[in-house]
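Here's the structure, in structure tokens; my notes come after.
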Amino acid sequence: MIPKIRTGTDRSFPLIDYLFGPGKHEEHTDQHLVASWNGFAPDPGPNPERHQVAKLANQLDQPVKALGKQAPATRIWHCSVRTAPGDRHLDDAEWAAIARRVVHATGIAPEGDTAACRWVAVRHAPDHIHIAATLVRQDGRLAGLSFDKRKAQAEARLIEKEYGLRQLNPGDGTAAKNPTSQEHFKAERTGRIEPPRNTLHQAVRQALAGAATEQEFFTRLREEGLRVKLRKAPSGDVLGYSVALPGDRNRDSEPIWFAGNTLAPDLSLPRIRRRLEAGPATDTPEPGATSARSDRSAPAYRRREAAGTAERVAALLDEDDDQAAAQLVGAGEILDALAQTSPAATRAELREAARAFERATRSHVRAENADIRALRSAARGIVHAGSALGRGEDGGATAMVLSTLVLVALAAARWHSARGHAQQTAASRQAAEHLRAAYQQAGATPMRTMREIGRTLPEPERRRHQATIRAALGETDTPAGPVREHDALAAVLAEAEQTGHDPQALLAQATSWRELETARDTTDVLVWRIRRIANLPANPQRPRTGTTAGTRTATQPTRTRTAQPALARPATDPRRPAPRR
């Protein structure tokens, strides 16, 4: 159940006329009162005459008119209360009881207060009512409306539970402002797929992803075709900014501007400046990078780099440290960067994942001193490398980073849940689902190739790797026949073995970083993790024959990488991922 409150400076008549009228698209039907301040207010009925509307409006306005020039500037209080899609239809008696609870909770008309504000509840659709009230009490005093929106939301959560309706997550005041019904109607009328507010919100986030300077941020906005207006002090210093979509104009043919802080709390210019101060870091090669990845401008390299950085975020979130709050912001920038540079096959799901995860990046937990330069640098690298389409990237590196980001989203859900952040927890889980769908698109071909390679390995070698895998995963039972679920992982271990790694040590390292119970497919997670830490190409390579561990000579030492420099930390480092229990 969603209560939405607005206030106005006009008389009651325009609002009452709208509520009992046909609506902007003839959507109002069976307009009637379900409740009022005294139970005897006149009901104009469906599509009434003007004088019938005026009669009700005049009765509402009487306390305001009695004050004359002393009446407040803000006089009208309007609250729509809507049930969720799929909820049962409430009858008039139930809606009347709900209206009385809302005006009591918000201070419009406390129960038993005969001198409270005048109000009416109008129903003109099956799934919602409108409560219209004047903000002058009948005793001439002004209504006490402190925190009325928060109180209405709290009461709605109680009503949902008592009436068996869909229970929404309680908010904490950090969410971005949703488009109004008028904005939705206008988008439909003009043929837009979404209100301009939503389009601008996404565009500003993407322009900010990995931006190094304020000027670069504004340049990116303009390059995306947005109108940008800067608010400056007399000294010339920029104090704020607003953006508008070309062609989105009001009735006076003027652009409709949205200030950054009206799109989302963290998109105000002061908040953006604080984020820019945190990075991105100097663009230096990742420790352990080899000539196989020397093309640091390629999309594949940048996605590999982002996967390693994101892996550390998941570890920090699992340590239940408040400093991880800032890491979520950086992870969100990586998602925004991927959403604007990914091939068409994954772009839609990634954009939805970025939209959902954006909610998970905002809470009342603050970590002002956290270092997110590596995350912002990874996002910057992805943006500057451009699209993976047509650059030799067939999904391997994208699948690698998406597999890691699924774990980040799930770790974010656990982190928020531990702090009682219901909306952020739900948003993190929603982002994980979209990321899984994108991963299935990106990883289908390379995973199929690795499974095929695993099936064609010589039987002794394949069984040896399968035994290593079962031991690492705690699978003690020895199957009677061939095992196919770990074929892709066996192929990766064989490929790593040819480059000088010890498969057993490599797999032990990959499984020790964090628990894998949250992964739907442990094999997939380990495949991409091992490819990255063993510095294997993102795209699988068929192993050469005759170079397995059993055929190495004494002059060919085994290289066992117990930890990659970019991931290893001293034992005293509080950010070090917990060992596998």
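The values are calculated or read from the model by the stated rules, or taken from the named source; none is laboratory data. All figures in this text were calculated on a predicted structure; none of them were measured in a lab. When we count neighbours, we look across all protein chains shown, and the Cβ atoms used for this are built from the backbone with ideal geometry, even at glycine. Accessible surface is based on the protein model in full, side chains and every heavy atom, while ligands, DNA and RNA are left aside. Shrake-Rupley method; radii C 1.70, N 1.55, O 1.52, S 1.80 Å.
If I ask for residues that are charged (D, E, K, R) and farther than 16 Å from residue 28 by Cα, which ones from region 93-134 would you list?
First pass over region 93-134, keeping only residues charged (D, E, K, R): 94, 100-101, 111, 113, 118, 123, 127.
Across region 93-134, the qualifying residues are 94, 100, 101, 111, 113, 118.
If you take just the strands (runs of 3 or more DSSP E) that sit entirely in region 44-145, which of them hold at least 1 residues that are more than 25 Å from residue 161 (Cβ to Cβ) and open to solvent by 50 Å² or more (accessible area, probe 1.4 Å)? Spell out how you get there, then give the answer.
Values: elements: 76-82, 119-125, 128-134.
By residue number, no strands (runs of 3 or more DSSP E) qualify.
I'd like the residue in region 443-461 that is in contact with a Pro (Cβ under 8 Å, 6 or more places away or on another chain) and part of a helix (DSSP H, G or I) and, out of all such residues, is surrounded by the most Cβ atoms within 10 Å (Cβ to Cβ). Before you say what the answer is, go through the steps one by one.
Let us first name the residues in region 443-461 that are in contact with a Pro (Cβ under 8 Å, 6 or more places away or on another chain), namely 446, 449-450, 453, 457.
Next, from what is left, pick out any that are part of a helix (DSSP H, G or I): 446, 449-450, 453.
Working: 446: 23, 449: 18, 450: 26, 453: 20.
The residue in question is 450.
Could you please let me know if residue 510 is under 24 Å from residue 305 (Cβ atoms), open to solvent by less than 10 Å² (accessible area, probe 1.4 Å), at pLDDT below 90 and of a type outside the set (Lys, Arg)?
Details: under 24 Å from residue 305 (Cβ atoms): yes; open to solvent by less than 10 Å² (accessible area, probe 1.4 Å): yes; at pLDDT below 90: yes; of a type outside the set (Lys, Arg): yes.
When the stated conditions are applied, residue 510 passes them.
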Exactly one of 251, 296, 304, 274 is within 24 Å of the chain's Cα centre (by Cα), modelled with pLDDT under 90 and surrounded by fewer than 16 Cβ atoms within 10 Å (Cβ to Cβ), and that residue is 274
Condition check for residue 93: at pLDDT below 95 and not β-branched (Val, Ile, Thr): no
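Looking only at residues that are hydroxyl-bearing (Ser, Thr, Tyr) and out of contact with any Leu (no Cβ under 6 Å at 6 or more places or on another chain) in region 324-379, which one is nearest to residue 441 (Cα to Cα)?
Here is the first cut: in region 324-379, the ones hydroxyl-bearing (Ser, Thr, Tyr) are 341-342, 346, 361, 363, 377.
Still in the running and out of contact with any Leu (no Cβ under 6 Å at 6 or more places or on another chain): 341, 346, 363, 377.
Numbers: 341: 15, 346: 6, 363: 31, 377: 26 Å.
Looking at residues that are hydroxyl-bearing (Ser, Thr, Tyr) and out of contact with any Leu (no Cβ under 6 Å at 6 or more places or on another chain), I get 346.
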Residues in region 316-331 that are open to solvent by 10 Å² or more (accessible area, probe 1.4 Å) and under 30 Å from residue 537 (Cβ atoms) total 3
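Among the residues of region 419-438, how many are in a helix (DSSP H, G or I) and either among the basic types (Lys, Arg) or at pLDDT below 90 (or both)?
Going through region 419-438 one residue at a time, the tally reaches 4.
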Selection over region 122-144 where residues are over 19 Å from residue 64 (Cα atoms) and in contact with a helix residue (DSSP H, G or I) (Cβ under 7 Å, 6 or more places away or on another chain) yields a count of 5
Taking region 24-68, which residues are without any contact (Cβ under 8 Å) to a residue 24 or more places away in the chain and among the aromatic types (Phe, Trp, Tyr)? 40
Starting from region 92-114, keep only residues that are at positive phi, then list their pairs with residues that are assigned to a loop (DSSP other than H, G, I, E, B) and open to solvent by less than 10 Å² (accessible area, probe 1.4 Å) whose Cβ atoms are within a distance under 9 Å, requiring at least 6 positions of separation or different chains. 107/116; 107/117
Count - residues of region 106-146 that are farther than 21 Å from residue 55 by Cα and polar (S, T, N, Q): 3
Give the residues of region 163-205 that are among the charged types (D, E, K, R), open to solvent by 80 Å² or more (accessible area, probe 1.4 Å) and in a helix (DSSP H, G or I), sorted by residue number. 188, 189
Only one of (1) under 19 Å from residue 177 (Cβ atoms); (2) open to solvent by 50 Å² or more (accessible area, probe 1.4 Å); (3) modelled with pLDDT of 95 or more is not met by residue 261, so which one is it? (3)
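Based on what the data block shows, is residue 160 in a helix (DSSP H, G or I), open to solvent by less than 20 Å² (accessible area, probe 1.4 Å), over 28 Å from residue 275 (Cα atoms) and not small (Gly, Ala, Ser)?
Numbers: in a helix (DSSP H, G or I): yes; open to solvent by less than 20 Å² (accessible area, probe 1.4 Å): yes; over 28 Å from residue 275 (Cα atoms): yes; not small (Gly, Ala, Ser): yes.
For residue 160, the condition - in a helix (DSSP H, G or I), open to solvent by less than 20 Å² (accessible area, probe 1.4 Å), over 28 Å from residue 275 (Cα atoms) and not small (Gly, Ala, Ser) - is met.
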Show the residue pairs meeting these rules: Cβ distance below 9 Å; 6+ apart or different chains; first residue within region 362-384 and farther than 12 Å from residue 329 by Cβ and of a type in the set (Ser, Thr, Tyr); second residue open to solvent by less than 10 Å² (accessible area, probe 1.4 Å) and modelled with pLDDT of 80 or more. 377/210
Residues that are within 46 Å of the chain's Cα centre (by Cα) and modelled with pLDDT under 90: does region 44-60 have at least one? yes
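Quick check on my filter: what residues within region 309-322 are within 18 Å of residue 376 (Cβ to Cβ) and touching a helix residue (DSSP H, G or I) at 6+ places or on another chain (Cβ under 7 Å)?
At the first step, the residues of region 309-322 found to be within 18 Å of residue 376 (Cβ to Cβ) are 309-314, 316-317.
Answer for region 309-322, where residues must be within 18 Å of residue 376 (Cβ to Cβ) and touching a helix residue (DSSP H, G or I) at 6+ places or on another chain (Cβ under 7 Å): 309, 310, 311, 313, 314, 316, 317.
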